[in-house]
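The values are calculated or read from the model by the stated rules, or taken from the named source; none is laboratory data. Everything numeric in this text was worked out from a predicted model, so none of it was measured. So basically every Cβ, Gly included, is an ideal-geometry build from the backbone, and we count neighbours across all protein chains shown.
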Amino acid sequence: MSIKGPINFLLPEDLARQLGERAKARRLSLNLTRETLSKRSGVPVSTIRKFETTGMLGLVSLMQLSDAMNCLDDFSQLFPPRLPLTIDEFVKPVRKRGRK
């Protein structure tokens, strides 16, 4: 077993809260109020406020906010395909289903 990249000891809730904080910083750097962002994205102001403080938000709303703040393309980096590390993994047939 090899570890690639830094080890992350944060809980999902901590990561979500950090994401909300970064979204707020992005909104402010774009000089947008919550109301303006709401109009651009279609996400209610109360939902934006909750997201910025707790990190809790549905996926579709997250994508709408990301699009309104010009960072929707960053989603293409989520769940990248796993590249083979050995010859055996390279020649082994790709599984089509989740179970063995």
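A few notes on this one:
- Sub-6 Å Cβ pairs linking a first residue in the stretch 19-45 that is free of Cβ contacts under 8 Å to residues at least 40 places away in the same chain to a second residue that is buried (at least 16 other Cβ atoms within 10 Å of the Cβ) and of a type in the set (D, E, K, R), at least 6 apart or interchain, are 20/52; 24/52; 37/27; 45/34, ordered by first then second residue.
- Inter-residue pairs, beta-carbon under 7 Å, first in a loop (DSSP other than H, G, I, E, B) and in the stretch 68-89, second exposed (fewer than 10 other Cβ atoms within 10 Å of the Cβ) and modelled with pLDDT under 80, 6+ apart: 84/90
- Lone unmet requirement of (1) surrounded by 15 or more Cβ atoms within 10 Å (Cβ to Cβ); (2) more than 14 Å from residue 69 (Cβ to Cβ) for residue 27: (2)
- Screening 19, 28 for residues that are over 18 Å from the mean Cα position of the chain (by Cα), of a type outside the set (S, T, N, Q) and not in a loop (DSSP other than H, G, I, E, B) leaves exactly one candidate, 28.
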